[in-house]
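Contents: one structure, followed by commentary.
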Amino acid sequence: MKILTAALAVCAGLTLTGVQPVQAAPATAQVLLSPASGPAGSAVTVSGTGFKVSTSGTVIAGSTTFAFRTASNGSFSTSITVPAAATGKLTITAKTSSVQASSVFTVTAAAPAALPPVSTAGLRFGVATSGGPLASGELDDVSRVAGESPSSILFYKDFLQAPPIAEMDAARARGAVPLVTWEPWAWGGGLDQPAYALDRITAGDFDARITQWGQALAAWGHPLQLRFAHEMNGDWYPWAEGVNGNAAGDYVQAWRHVHDVVAATGASNVSWVWSPNVPYWGSTDLSGLFPGAGYVDVVALDGYNWGTSASWSGWISPQDLFAPGIAQLRSLAPGTPILIAETASSEAGGSKPAWNTDLISYLAAQPDVMGFVWFHMQKEADWRINSSDASAAAFKSGLAARRAS
C-alpha cells in the first residue's frame, strides 16, 4: 500500500510539473539612433530596449565608449558623439553583461563652413589668384585666410580671347566685381609684336574683336571694371611707347579708340581703369599717357615690395612705394577714384607682417583710394598672403581693423 501511495504521489508530482506555465523568453534587444546619419562629430541619441534591467552598460562607437544604465524595464537612452575620424558606415553597439545589440550610423560629408562676407568698408579688398574667378577653391582659401571675401577679382585676357562671360559670372556669384585686365597682344609672343603696335589698334585692325567684346559686355549687363593695357609707363609690354614701333602719343590714341568702339556698343556697365605702374626712375611720364577724364572712370597703380628678392631691389615701405604715384594721379585726375590694382610683398629683406599692416593702414587713411587688389600668387617671389603664418595673421588683423574704424 505504501509502495502504491508513493507511486501515485510521484505520478501526481510529474503531472503538476507538466502543467506549470513556461516563462516567456527575454525580448530581443534593439538599438535606435537619432539621427541615423550625419557628419563626423555629430551628437547622436542612442536608445535601447530589451536589455538586462537596472544594470550598467556600454555604447561602443569605433574606438570610443560611452557608459549608460538601464531602467527597471531594460530600456535606456544616452547621448554620444560620433568620432571625428569616422567615415562611411559606423556600427554603434550597446551591451550589458549578457545582452547586446547594434545599429549603423551613416557618416556623411560635413557641410562646408560658410565663407566670410564681402566687407562694405570704404577701402575694398580684391584679389588675383592663379586660377582666376573659376578657381573657387583658391578663392575660398583666400576668403578664409583674409577673414572676408574679396569684393573684386582680377584676371587677365589677351586680344585673341573671347569675352570672359563664364569668369564674370563666377565672380559675380561670389559677390565680387570682375576686374578684367585686357591686354592688346598675343600671350607668349614677346615684346616685339608689330601686329599689335598701338597705331594698328588705332587704325581699326582689331575693331571686329573689340566690337565683339563690347557687345558681349553690354549684353552681360552687370557692373565690371575693364583695365586696358596696364603698366604702359614701363617698357616690358608691346603697348608701351618706345617699344614695338610705338611713338609718343600713340598710347592715348589707342586707348581712346578702344574706349569709343566699346562705348558705341552700349556697354555702359563698363568702368574704365587706367593703371600705370608706380613711377620709377626712367619710366615714361604719366602726363603724356593719360587719355583724359572723359575716357577714364578709375585711376590705378601697380606696385610691389620686392624686398631683397631681386638683385636690383630693396625693401620699401607702402607709403614710399605708393605716395608719389598717388600724388601724380590726384594731379592728373582730380576727384577720380584711385585703385591699387596690383600689390603684394616679398618676405625677403624685412618684416612682411608689418608691411601688410602698414599697407592697409596707409591706404585706409586715403579717402580717395577705393581699394586694393592683392596679387596672391607664388611667381617671381612668394607674393601670397599666407607666404607665412605671421603674414596671414597680420593681413587678416589689418583688414579687421579697417572694418572696425
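The values are calculated or read from the model by the stated rules, or taken from the named source; none is laboratory data. Keep in mind that this is a model prediction, so the values were computed, not measured. Reconstructed Cβ throughout: ideal geometry from the backbone, glycine too, with neighbour counts over all protein chains shown. Remember, those area values only see protein heavy atoms, side chains included, never the ligands or the DNA or RNA. Shrake-Rupley method; radii C 1.70, N 1.55, O 1.52, S 1.80 Å.
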Computed for the chain: size of charge dipole around the Cα centre, +1 on C-beta of each Lys and Arg, -1 on C-beta of each Asp and Glu, debye to nearest 20, value 2980
Might you report the magnitude of the Cβ-based charge dipole of segment 187-272 about its Cα centre, with Lys and Arg at +1 and Asp and Glu at -1, to the nearest 20 debye?
320
Relative intensity, log₁₀ I(q)/I(0), of segment 311-370 from a Debye sum that treats every alpha carbon as a point, q = 0.23 Å⁻¹
-0.98
Find the Cα radius of gyration of segment 268-404, compare it with 2.2 N^0.38 Å by division, and give the number to two decimals.
1.07
Semi-axes (Å, rounded, descending) of the ellipsoid equivalent to segment 239-304 per its C-alpha gyration tensor are 23, 15, 9
In the chain, if every C-alpha pair distance is counted and binned at 10 Å from zero, what percent goes to each bin?
4, 18, 21, 16, 9, 8, 8, 6, 4, 2, 2, 2, 1, 0, 0
Just to confirm my numbers, what's the Cα centroid distance between segment 307-335 and segment 349-405 in Å?
15
For q = 0.15, 0.21, 0.24 Å⁻¹, what log10 I(q)/I(0) does segment 42-118 give under the Debye formula with an equal point scatterer on each alpha carbon and no solvent?
-0.54, -0.88, -1.06
Quick check for you: with a 1.4 Å probe and neighbouring chains kept, what is the accessible area per residue of the chain, in Å²?
46
Binned Cα-Cα distances of segment 96-194, short to long, each 5 Å bin given as a whole percent:
2, 11, 17, 16, 12, 9, 8, 5, 4, 3, 3, 3, 2, 1, 1, 1, 0, 0
Within the chain, what whole-number % of the accessible surface is contributed by carbon and sulfur, with the 1.4 Å probe and all protein chains included in the calculation?
56
Comparing P39, P184, P194, which has the greatest mean-square fluctuation in the GNM of the chain with Cα pairs linked when under 10 Å apart?
P39
Estimated Rh, segment 204-350: Kirkwood, alpha-carbon pairs, angstrom:
16.5
Residue order for W315, W255 - accessible surface, 1.4 angstrom probe, largest first
W315, W255
Förster radius 35 Å - calculated FRET efficiency between T28 and D140, Cβ distance, rounded to 0.05
0.10
Against the globular-protein guess of 2.2 N^0.38 Å, express the Cα radius of gyration of segment 188-273 as a ratio, rounded to two decimals.
1.11
Could you tell me which residue out of L363, G189, T28 lies farthest along the dipole of the chain toward its positive end? Charges go on the beta carbon: Lys and Arg +1, Asp and Glu -1, centred on the Cα centre.
T28
Within segment 181-238, report the chymotrypsin sites (Phe, Trp or Tyr not before Pro) that DSSP leaves as loop and that have at most 13 other Cβ atoms within 10 Å.
W187, W236
